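> Here it is, the structure, as structure tokens.
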Amino acid sequence: MIREARLVPVGAPAPTDDAVDIRIADGRITEVAPELRPQAGEEVVDAAGRWAIPGLWDQHVHMRQWAETRNRLDVSGTADPSEVTRVVSAHLADSPPRPPGAVVVGFGYRSATWPRPPTVAELDAVSGDRAVALVSGDAHNGWLNSRALESLGLPARLGVLDEREWFPVFSRLSDLTTSRESTDVGYRAAVEAAAALGVVGIVDFEFGPGYREWPGRVADGIDQLRVRPAAYPEGLEEVIASGLRSGQSLPGSGGLVTMGPLKIIGDGSLNTRTAFCCEPFADAHDLELPRGKQNFGDAELVRLLRWADATGLEVAVHAIGDAAAASSLYAFAATGARGSIEHVQLIRWEDIPRMSRVGVRASVQPAHLYDDRDVTERCWPDRSDRCFLLRSLLDAGVTLAMGSDAPVARLDPWLAMAAAVHRSGDEREPWHPAQSLTAAEALAASTDGQRTLASGNRGDVVLLDEDPLRPFADSAATSAHLKGMPVAATFVGGRPTHREH
């Protein structure tokens, strides 16, 4: 029982402004009322007037990549390939010798605004016989030197690996660079950090069979989060043969791991100029595909959605460009499949009410607008008013489900909420502020559909030292308040997963 907590209204009014007690039994909230009597053997936690909200979710994470990013060379904030190679050169000069075959991995470069594309040759020039693999900040391409290409069994090339040729390499890269022990350490640290932010669950879009791997992690004590691992088309036959359906509890996980959706990467990304668009990119003069790239044609997308839906799987379709979003909506409407469009970064105005009618969730990552603001004004200056349309989507009745896309942005729901409220990550004025959300709306989009704590809710509760909906004079102050939100305790099914001492 949690004693003396103040309920924060999340998607529904709180029944009282006074402090209440919250009883949790068998993983569910069974009573919310003032001055409940403790029952025999019941642990009592004194909230001491703290604010209580439903547990937070990150609806889009690549968990292994996020767990490993903290140990990778940081090449973010670089303005051109030469700056990256200087960082790599300095790192190699200061690093002890590594075993033969070891790969130095870096993360975070964003080449969309660079004056020229990077080359394998210039990375070779500073790395010698050391294998070096650099992952872009949006994780949609990789810049490898010749030794790394050779280690991965790839042919020689002049420049970066893009999209479909990169993703299979990306999934293998971790196996080459980390041991099982160090991977587990990374997962433990990442999961504990998430719980300390009030996170109780994630949807894990990591490549590989997470539905087979996560129950083992939970059994090994990495059990502070609920997890919905996704599958990809390459593994769909195995998932179906195993009889797995979205929402099904996976054996050995104590109910913490449930089968997630089928993930389909419908197009590319803004930074790689591969997002599939209705009109050409503004800087498309030297692009082979001036409107970006559609990874699955409409007929193939319909086939996959119909197949998944018939076997009980929800579907999550990655769509950054507006043409990709339109194609995804066509496939959902044609099949009646359930699920989400991931990102919805650029969308046509007429597709917003269509999305509401079809009943597809918008799985959005507001913190991306911090990184993509300047790139958008370069690549999509004629359509920047149609990017990250959070307000328009919500007002049209589309369900918003917020996340991070970690490691592309930090796994931090408070950061995502802050970006949704105040659309600027620096001293500039908010970018298209009419598309901002209120703090209450952003919070409601971060709790996996759980509303104000009440009997029947999941027993996932977060205690906060401050009121997240405290009013401020402007969005900048509200954003700063959310970014600094102190989390006192996190409970999953009534079990404490984080407590400040």
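> Treating only the Cβ of Lys, Arg, Asp and Glu as charged (+1, +1, -1, -1), what charge dipole size does region 261-402 show about its Cα centre? Round to the nearest 20 debye.
480
> Length gain on complete extension for the stretch residue 477 to residue 188, per 0.36 nm per residue less the alpha carbon to alpha carbon distance?
The span from residue 477 to residue 188 would gain 100.7 nm if fully extended.
> When DSSP beta bridges are limited to those with both residues in the chain, what percentage is antiparallel, rounded to the nearest 5? Walk me through the numbers before you get to the answer.
Working: 28 of 66 bridges.
Bridges in the chain that DSSP calls antiparallel: roughly 40 percent.
> How big is the chain along each principal axis, measuring the range of its Cα positions in Å and listing the largest first?
71, 53, 52
> Let me ask something else. Can you sort 322, 465 so the residue with the fewest Cβ neighbours within 10 Å comes first?
If I rank by nearby Cβ atoms, fewest first, I get 465, 322.
> Gain in length, residue 35 to residue 121, computed as 0.36 nm per residue apart minus the alpha-carbon separation, to one decimal in nm? Please report the intermediate quantities before stating the final value.
Values: separation 86, 0.36 × 86 = 30.96 nm, distance 7.05 nm.
Full-extension gain reported as 23.9 nm.
> Along each of its three principal axes, how wide is the spread of alpha-carbon positions in region 249-336, in whole angstrom units, largest first?
Result, largest extent first: 54, 27, 15 Å.
> Let me ask you something else. For region 190-295, which GluC sites (Glu not before Pro) are both in a DSSP coil and crowded by at most 10 other Cβ atoms within 10 Å?
Values: sites: 192, 206, 213, 234, 237, 238, 288; in loops: 206, 288.
In loop regions of region 190-295 (DSSP not H, G, I, E or B), the sparsely surrounded GluC sites (Glu not before Pro) are 288.
> Also: Over the alpha-carbon set of region 348-501, work out the extent along each principal axis and list the three values in angstrom, largest first.
For region 348-501, the Cα extents along the three principal axes come out at 50, 38, 32 Å.
> Please give the FRET efficiency for residue 298 paired with residue 18, using the beta carbon to beta carbon distance and R0 = 60 Å, rounded to the nearest 0.05. List each step's numbers first, then the result.
Working: r = 55 Å, r/R0 = 0.92.
About 0.60, to the nearest 0.05.
> Then there is this: Given charges of +1 on the Cβ of Lys and Arg and -1 on the Cβ of Asp and Glu, with all other atoms neutral, how large is the dipole of region 338-471 about its Cα centre, in debye to the nearest 20? Spell out each step's value before the answer.
On the way: 16 positive and 21 negative charges, 122 e Å.
It works out to roughly 580 debye.
> Report the local net charge at residue 332: Lys and Arg +1, Asp and Glu -1, summed over other residues whose C-beta lies under 15 Å from its C-beta.
+1
> Which value in deg cm²/dmol, rounded to the nearest 500, describes the helix-derived mean residue ellipticity at 222 nm for the chain, given -39,500 (n - 2.57) per DSSP H run of n ≥ 4 and division by the residue count? The partial results should precede the final answer.
Working: 16 runs with 160 residues, N = 501.
Computed mean residue ellipticity for the chain: -9500 deg cm²/dmol.
> Could I ask something else about it? Between Rg and the Kirkwood Rh of region 65-177, both from Cα atoms, what is the Rg to Rh ratio?
Details: Rg = 12.6 Å, Rh = 13.9 Å.
Result for region 65-177 is an Rg/Rh of 0.91.
> Now a separate question. Can you pull out the trypsin sites (Lys or Arg not before Pro) in region 206-313 that DSSP calls coil and that have at most 15 other Cβ atoms within 10 Å?
Values: sites: 212, 217, 226, 245, 263, 273, 291, 293, 303, 306; in loops: 245, 273, 291, 293.
Counting only loop positions with at most 15 other Cβ atoms within 10 Å, the trypsin sites (Lys or Arg not before Pro) in region 206-313 are 245.
> So, one more: Give me the net charge of residue 217's neighbourhood, meaning all other residues with Cβ under 10 Å from the Cβ of residue 217; Lys, Arg count +1, Asp, Glu -1. Could you put the intermediate results ahead of the total?
Values: positive: 188; negative: 184, 213, 220, 223.
Residues close to residue 217 contribute a combined charge of -3.
> Could you give the alpha-carbon Rg of region 6-89 over 2.2 N^0.38 Å, rounded to two decimals?
On the way: Rg = 23.0 Å, N = 84, 2.2 N^0.38 = 11.8 Å.
For region 6-89, the normalised Cα radius of gyration is 1.95.
> Another question about this same structure. When every alpha-carbon pair in region 261-402 is counted, what percent end up more than 24 Å apart? The partial results should precede the final answer.
On the way: 2550 of 10011 pairs.
Counting every Cα pair in region 261-402, those more than 24 Å apart make up 25 percent.
> Could you put 276, 388 in order, starting from the residue whose Cβ has the fewest other Cβ atoms within 10 Å?
Taking fewest neighbouring Cβ atoms as first place, the list is 276, 388.
> How do 68, 4, 35, 427 rank when sorted from fewest to most other Cβ atoms within 10 Å of their own Cβ? Before the final figure, lay out the partial values.
Numbers: 68 23, 4 18, 35 9, 427 6.
Going from sparsest to densest Cβ surroundings: 427, 35, 4, 68.
Every number in this text was worked out from the coordinates using simple rules, so none of it is lab data. These figures come from a predicted structure and were not determined experimentally. Methodologically, a virtual Cβ is constructed for each residue, glycine included, from the backbone with ideal geometry; neighbour enumeration extends over all protein chains shown.
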